[in-house]
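Participant: Before anything else, here's the structure in question.
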Amino acid sequence: MPEEFVVVTEEELNDYPALKEAIETQTYVKANPGEWTRTIEFLDSKGSSVIKVGDAYYQIGFTTA
């Protein structure tokens with residue numbers, strides 16, 4: 001278990017489709033710039049890019065081309 005993380009609910013995931021898809025598929029997901037910007041802002045407001053969904057923990061990162 002990571003020392004620092006934030007809980008993200010299923011309801012919150014529904015508002016961030018790319019994040020939800022990444023969690024469900026556990027792979028890289030393509031997202032338009034608006035979506036990933038919104039997701040970064042959401043994680044920043046939560047206070048961490050390490051999230052807990054259900055009983056699992058995920059480190060969220062972003063890559064641009």
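The values are calculated or read from the model by the stated rules, or taken from the named source; none is laboratory data. What you see is a predicted model, and the numbers here were worked out from it, not measured in a lab. So basically every Cβ, Gly included, is an ideal-geometry build from the backbone, and we count neighbours across all protein chains shown.
Participant: Does segment 27-34 contain at least one residue that is modelled with pLDDT under 95 and of a type in the set (D, E, K, R)?
Facilitator: Within segment 27-34, one or more residues are modelled with pLDDT under 95 and of a type in the set (D, E, K, R).
Participant: Let me ask you something else. Applying the selection to segment 1-57, what residues are in contact with a strand residue (DSSP E or B) (Cβ under 7 Å, 6 or more places away or on another chain) and among the hydroxyl-bearing types (Ser, Thr, Tyr)?
Facilitator: Passing the criteria: SER48, SER49, TYR57.
Participant: Something else: Considering only residues that are surrounded by 15 or more Cβ atoms within 10 Å (Cβ to Cβ) and among the small types (Gly, Ala, Ser), which ones fall in segment 16-65?
Facilitator: Correct list: ALA18, ALA22, ALA31, SER48, SER49.
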